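Here the structure comes first, spelled out in structure tokens, and everything after it is commentary.
The values are calculated or read from the model by the stated rules, or taken from the named source; none is laboratory data. From a predicted model like this one, the values you see are computed outputs, not experimental measurements. Cβ sites come from the backbone with ideal geometry, for glycine too, and all protein chains shown count toward neighbours. Please note that ligands, DNA and RNA were not included when accessible areas were found on the heavy atoms of the full protein model with its side chains. Shrake-Rupley method; radii C 1.70, N 1.55, O 1.52, S 1.80 Å.
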Amino acid sequence: MSTADVKQLSDAELMRQEREIARRHIGKFPIVSVTWAFANLAVWLSLWPLVLTGTLSVWIAFPIACLNVMLCYLPSHEAQHDIIARPGDRLRWLNELVGHVSTIPLVLPYRVARLTHLEHHKHTNDPDLDPDYGTHASGPLAAIWNSIQSRQPGTESGPNAYAAALQRIGRPDVMLDAVFATLAFYVILFALAWSGFAIEAALLWWLPRHIGQTYIVYYLSWAPHHPGNLTGRYRNTRGFRAVLGNIGSMGMQYHIVHHLHPRIPLIRTPKAFHEMRAVLDARGCRIENL
Amino acid sequence: METVIKTLFHFGPLVFAFGFIAPLTAQIIERAGLALPFGLTPLVAGLLLGAVWGGIAQYRGRWI
């Protein structure tokens, strides 16, 4: 059916077609994401003994550690949406394990990530209710600068926006996860630094974490929602062509499919997007150069 | 416990400056083999940088 034909369809028929396509992709076990989670963590953890024993140069390990931090969020994101296994499923433990361990390099506790991310889905681009609203910026450089500024001690966005969201939904207790994770991170960092491994700690964790956070905010939050002034199911997220391509942007070119059907595994969103393209066009979605 | 944690986070920039920036600076100076003026040791230089930068960050609420 051509795009022109699809545009003639009723709302109900468009929704039926959209759901039918989504159904074909939901429920498939995301083996790539699960392997990715554990392999990425194993590589990052292995850098520590390799570097601290002098087996591997810290300058070789540094870019690898940066990649590890950049890569660590998305497997947890699959877990946040119960894509690996839903509550009550036989592999539910694996879903939760991936959620908890994959973001260790990022120092982002699973429950904090999950609850605030679900709020982001419920209230995308709402200035008062979207915990990620602070990532909005006028352009790419402004987005990067904004991300750096959101990590300054006196900021109102970043972790404070997450704390406000958890307070609002009645789960301020979950913020304790972030407090203890942050404390553990700094205790480890300080202990390494005062034991003579400050440069190693800086290049394996502290600086990669900052670089990784900047990348994640840019491609996983700012770019798919830019300019971030529209709300509504078909308008709050866009399809776009990333300078770094689909792999370099970690699949975020097709993030619009994720917002429409969050339980489609990341690896299947490009295929779902192309199958859904005519419906998305008919719905007036923002699809730019894709 | 809560008071201790809140105090730690309140003085976060200074804690980070002395906990991390000071030894990091000292070890960078040592590995680079830099000669310091006035007979400063790398650790004293690190502590000085930490105190100044951390103090400014504590006051302004931002590192950069």
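Do we have A:T35 as within 28 Å of A:H274 (Cβ to Cβ), modelled with pLDDT of 95 or more and in the same structural domain as A:R171 (by TED's automatic domain parsing) here?
Working: within 28 Å of A:H274 (Cβ to Cβ): yes; modelled with pLDDT of 95 or more: yes; in the same structural domain as A:R171 (by TED's automatic domain parsing): yes.
For A:T35, the condition - within 28 Å of A:H274 (Cβ to Cβ), modelled with pLDDT of 95 or more and in the same structural domain as A:R171 (by TED's automatic domain parsing) - is met.
Is it the case, given these coordinates, that A:A61 is open to solvent by less than 10 Å² (accessible area, probe 1.4 Å) and over 14 Å from the mean Cα position of the chain (by Cα)?
In short, yes.
Can you tell me how many residues in the stretch A:233-251 are in contact with a strand residue (DSSP E or B) (Cβ under 8 Å, 6 or more places away or on another chain) and among the aliphatic types (A, V, I, L, M)?
Qualifying residue count for the region: 0.
Given the options A:A193, A:A142, A:A178, A:A184, name the one that is in a helix (DSSP H, G or I), closer than 26 Å to A:Y234 by Cα and in the same structural domain as A:A61 (by TED's automatic domain parsing).
Just a single option satisfies the conditions, and that option is A:A142.
If I go through the stretch B:26-64 residue by residue, how many of them are surrounded by 13 or more Cβ atoms within 10 Å (Cβ to Cβ), within 14 Å of another protein chain (Cβ to nearest Cβ) and not in a loop (DSSP other than H, G, I, E, B)?
19
How many residues are open to solvent by 10 Å² or more (accessible area, probe 1.4 Å), within 16 Å of A:A181 (Cα to Cα) and either among the small types (G, A, S) or not in a helix (DSSP H, G or I) (or both) when one looks only at the stretch A:75-105?
Result for the stretch A:75-105: 1.
Check A:W48 against each of (1) modelled with pLDDT of 95 or more; (2) open to solvent by 40 Å² or more (accessible area, probe 1.4 Å); (3) more than 15 Å from the chain's Cα centre (by Cα) and name the one condition it does not meet.
(2)
If a residue has to be touching a Ser or Thr at 6+ places or on another chain (Cβ under 7 Å) and open to solvent by less than 40 Å² (accessible area, probe 1.4 Å) to count, how many in the stretch A:111-135 make the cut?
Residues in the stretch A:111-135 being touching a Ser or Thr at 6+ places or on another chain (Cβ under 7 Å) and open to solvent by less than 40 Å² (accessible area, probe 1.4 Å): 8 in total.
Would you check which residues across the stretch A:81-109 are over 15 Å from A:P30 (Cα atoms) and in contact (Cβ under 8 Å) with a residue 60 or more places away in the chain and list them?
Result: A:V101, A:I104, A:P105, A:L106, A:V107, A:L108, A:P109.
What residue, of A:L71, A:L166, A:L108, is within 27 Å of A:A37 (Cα to Cα) and open to solvent by less than 10 Å² (accessible area, probe 1.4 Å)?
A:L166
Matching residues to (1) in contact with a helix residue (DSSP H, G or I) (Cβ under 8 Å, 6 or more places away or on another chain); (2) more than 30 Å from A:H117 (Cα to Cα):
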{"site": "A:S2", "(1), (2)": "yes, yes"}
{"site": "A:D11", "(1), (2)": "no, no"}
{"site": "A:R19", "(1), (2)": "no, no"}
{"site": "A:A37", "(1), (2)": "yes, no"}
{"site": "A:N40", "(1), (2)": "yes, no"}
{"site": "A:V51", "(1), (2)": "yes, yes"}
{"site": "A:S57", "(1), (2)": "yes, yes"}
{"site": "A:F62", "(1), (2)": "yes, no"}
{"site": "A:Y73", "(1), (2)": "yes, no"}
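What is the one condition in (1) within 13 Å of chain B (Cβ to nearest Cβ); (2) out of contact with any Ser or Thr (no Cβ under 8 Å at 6 or more places or on another chain); (3) more than 30 Å from B:L47 (Cβ to Cβ) that A:N229 does not satisfy?
(1)
Considering only the stretch A:136-147, how many residues are more than 12 Å from chain B (Cβ to nearest Cβ) and open to solvent by 50 Å² or more (accessible area, probe 1.4 Å)?
4
Looking at A:S195, A:S157, A:S150, which is the one that is modelled with pLDDT of 95 or more and either within 14 Å of chain B (Cβ to nearest Cβ) or under 21 Å from A:V112 (Cα atoms) (or both)?
Testing whether each residue is modelled with pLDDT of 95 or more and either within 14 Å of chain B (Cβ to nearest Cβ) or under 21 Å from A:V112 (Cα atoms) (or both) leaves just A:S195.
Taking the residues in the stretch A:183-212 that are among the aromatic types (F, W, Y) and over 18 Å from A:A61 (Cα atoms) as candidates, determine which candidate is least open to solvent (accessible area, probe 1.4 Å).
Checking each candidate, the answer is A:F185.
Test each condition in (1) more than 21 Å from A:T124 (Cα to Cα); (2) within 19 Å of the chain's Cα centre (by Cα) for A:F197 and report the one that comes out false.
(2)
Any idea which of (1) at pLDDT below 95; (2) open to solvent by 80 Å² or more (accessible area, probe 1.4 Å); (3) within 9 Å of chain A (Cβ to nearest Cβ) is the one B:T3 doesn't satisfy?
Only one criterion in (1) at pLDDT below 95; (2) open to solvent by 80 Å² or more (accessible area, probe 1.4 Å); (3) within 9 Å of chain A (Cβ to nearest Cβ) is unmet by B:T3, namely (3).
What number of residues within the stretch A:269-290 satisfy the criterion of being charged (D, E, K, R) and either outside any helix (DSSP H, G or I) or buried (at least 21 other Cβ atoms within 10 Å of the Cβ) (or both)?
3
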